[in-house]
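Worksheet for the structure shown next.
Read-outs throughout are calculated quantities, based only on the coordinates presented, and are distinct from any laboratory measurement. The model shown is predicted, which means the values in this text are computed figures rather than measured ones. Every residue, glycine as well, gets a Cβ built from its backbone with ideal geometry; the counts of neighbours run over all protein chains shown.
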Amino acid sequence: MAAPLIAYIDMEFAGIYGTRQLMQIPIEIGVVLHDPDADTLSFAGKPFCYDIDVELWKNITDEVGKRVDGKRRVFNLAEPGITRDYNRKFSLDFAQKRAARAAINAVHRDLRGFMQALNRREIGTLVFFARQREMDTFHHARVNTDGFVIRDLQAEIKNRFSLKEHVSLDRMSLVIGFGIDKTSISSRNLTYQIPEKFRYVIKPHKAIGDAARMLLLDAEFNRFEDEFREGVEGHMAEYESRKLAAQEDPKPSE
């Protein structure tokens, strides 16, 4: 009997413009399905396109994955390629808030339909990285997760290696040597081919790209544990060293 598929799931979120991040909306979902018997991948994803302006923040990190800055972008979900001016004084009025709630509800309906269609693929396990936000969204969207094994890679890594804090996907991607080229995704020990129609969206901080990073991270974490442990320990030492150096306040020369 064939083993059930493993679904690596990521969702990207944005704040609705004019609510100071108080109202959040999913803007896309990405899934990488792993067949453990054949060791093959398939991909699925969906952007959520509605006439609503959103405010998206992206972290800028240094070479060890430490956040050093952030960038804000305002755009309409129906026209994601067009960036709009940001006005910090802008606030939604009552009618606009009602429209925003309607957009959130519409996205939830789309998400529920996407997951129902996906589950025809005989999935047994759902894997997340910091699962709480996705699980809360599934709850609000009435996506039924009963009967699945639910895993959180971020929590598993923290617990197995007794880390003091949760680590980001960006940092763990550095540990495994995540890479992308025109035809494949890779880590230190593994390479998988990318279907042509998904190549342009498989990049960090895109939903399918982060789901792909999670797949490779899980494989390195569980199949090459000793090497992964060495990588984590080396990374944590370098990260802490950089953090301590940044916290130092050198005295001006006299």
**Asked** If we count other beta carbons within 10 Å of each Cβ, what is the order of SER187, SER162, fewest first?
**Response** SER162, SER187
**Message:** Are there any chymotrypsin sites (Phe, Trp or Tyr not before Pro) in segment 161-217 that are in a DSSP loop and have at most 11 other Cβ atoms within 10 Å? List them by number.
**Reply:** TYR200
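Eigenvalues of the Cα gyration tensor times 5, then square-rooted: what semi-axes does that give for segment 169-228, in whole angstrom, largest first?
Details: eigenvalues 77, 28, 14 Å².
Output for segment 169-228: semi-axes of 20, 12, 8 Å.
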**Asked** In the calculated pair distance distribution of segment 88-139, what percentage of Cα-Cα distances lie above 13 Å?
**Response** 72
**Prompt:** In a shell of Cβ-Cβ distance under 12 Å around LEU118, excluding LEU118 itself, what net charge do Lys and Arg (+1) and Asp and Glu (-1) give?
**Reply:** +3
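Counting DSSP beta bridges in segment 5-246, what percent are antiparallel, to the nearest 5?
Working: 37 of 45 bridges.
Looking only at bridges with both residues in segment 5-246, the antiparallel portion is about 80 percent.
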**Prompt:** Any number yet on Rg/Rh for the chain, C-alpha, Kirkwood?
**Reply:** 1.00
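For GLU220, GLU240, which order do you get if you count the other beta carbons within 10 Å of each Cβ and list the fewest first?
GLU240, GLU220
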**Message:** What does the net charge come to around LEU163 if you take all other residues with beta carbon closer than 13 Å to its beta carbon, with K and R at +1 and D and E at -1?
**Reply:** +1
**Request:** Give me GLU63, GLU55 ranked fewest to most by other Cβ atoms within 10 Å of their Cβ, as a rough exposure proxy.
**Result:** GLU63, GLU55
**Complete:** Checked against the positive end of the charge dipole of the chain (+1 on Cβ of Lys and Arg, -1 on Cβ of Asp and Glu, about the Cα centre), the farthest of HIS139, ALA246, PHE221 is HIS139
**Item:** Whole-angstrom gap from segment 49-79 to segment 97-175, using each part's C-alpha centre
**Value:** 19
**Gyration tensor (alpha-carbon) shape descriptor, segment 75-169, a/c threshold 1.5** = oblate
**Where Cα atoms sit under 23 Å apart: lysine pairs in segment 5-246 separated by 8 or more or lying on different chains** = 27
